[in-house]
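These notes concern the structure reproduced below.
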Amino acid sequence: MEVLTTIADVRRRLEPHRRSGRTIGLVPTMGFLHVGHMELVRRAREANDMVVATIFVNPLQFGPNEDFARYPRDMDRDQAMLRDAGVDILFAPPVEEMYPAPLDTAVDLQHLGSMLEGERRPGHFRGVATVVTKLFNIAQPTRAYFGEKDYQQLAVIRRMVRDLSVPVDVVGVPTVRESDGVACSSRNVYLSPEERAAAPVLSRALAEAEERIAKGQRDFIRLRAHLEAFLVREPLADPDLVEIRDAATLNEARAESEAVVVLLAVRFGRTRLLDQRVIPLPRSS
Ligand code: AMP
């Protein structure tokens, strides 16, 4: 595995592969890798000739009161994991390489980027869409891999690719979980032992939603209220976002939706955990 820190080096190194028609799979991350990230890498490895992973904690997507400075980092461990997984190139640029000057250009999704998480984290998806666009332009991948855990992020990237005719196949990868159902996340290390023990309440709430929908529940306003009450029964959990949306558009879920997605963001102390589940609505014939 080659570790590169400049845009010019990535371009130089990938050019001959692109010219000879090899496929390139891109896995963008912020590092502090876990088995969820490695599943993205595995999927990229099995479908592409070249795998490029990136580690970049992107300041543009963090709000002023968020955890940019304290975001966990462990470059040596990350490099060993990516090397073992057969990654060809790791691009790990310093901030000055990606943003040598303040940007005057941004990729902004007016509707999809400002709802839900975007409403709670203003500018977050502008930062995500802008950095992902830069990474696409730097690596020019055939395919790019993103986790369903960050469901709205995946929707934003799919929509940006469609709207701007970006020549990349976006591949969504199902959420990888710990044995107790907690979605793997770099931010899980922030949790105290008590908070970590309480965290399975998210996946339990998702299972509860699935069960109620399977039993025919289609009043999503009531279901949402039920899930909120379910979550607050866990004393350490402070729900910030509990929504049931159309899985394709992220607009309000309707009984006619083909599938809904339950989106959760729950605070445990200073840590905010996300989880989601897509639930198909079977057609009643
Ligand atoms: P991050 O480093 O948190 O920005 O995540 C990098 C990529 O890994 C994003 O596409 C995430 O959605 C994805 N990812 C993070 N956690 C998981 C997980 N538990 N399962 C699958 N994908 C994940």
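The values are calculated or read from the model by the stated rules, or taken from the named source; none is laboratory data. Nothing here was measured: the structure is a model prediction, and the numbers come from that model. Ideal geometry is used to build each Cβ from the backbone, glycine not excepted, and the neighbour counts take in all protein chains shown.
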Taking segment 177-201 and keeping only residues that are more than 7 Å from the ligand (Cβ to nearest atom) and of a type in the set (D, E, K, R), one is left with E178, D180, R187, E194, E195, R196
**Message:** Can you confirm whether A44 is assigned to a loop (DSSP other than H, G, I, E, B) and either over 16 Å from L135 (Cα atoms) or at pLDDT 95 or above (or both)?
**Reply:** no
Expected output for segment 212-223 (first residue in the same structural domain as A255 (by TED's automatic domain parsing), partner part of a helix (DSSP H, G or I) and not aliphatic (A, V, I, L, M), Cβ below 8 Å, 6+ apart or cross-chain) is R212/H226; L223/R212
Among the residues of segment 12-36, the number that are assigned to a helix (DSSP H, G or I), over 18 Å from P93 (Cβ atoms) and touching a residue at least 24 places away in the same chain (Cβ under 8 Å) is 4
Pairing a residue in segment 152-176 that is without any contact (Cβ under 8 Å) to a residue 40 or more places away in the chain and within 12 Å of the ligand (Cβ to nearest atom) with any residue that is among the small types (G, A, S) and in a strand (DSSP E or B), where Cβ atoms lie under 7 Å and the two sit 6 or more apart in sequence or on different chains, gives L154/G172; V170/A144
Filtering segment 143-196 down to residues that are polar (S, T, N, Q) and within 22 Å of M98 (Cβ to Cβ) yields Q153, S186
L236 fails exactly one of (1) within 25 Å of E66 (Cβ to Cβ); (2) part of a strand (DSSP E or B), namely (2)
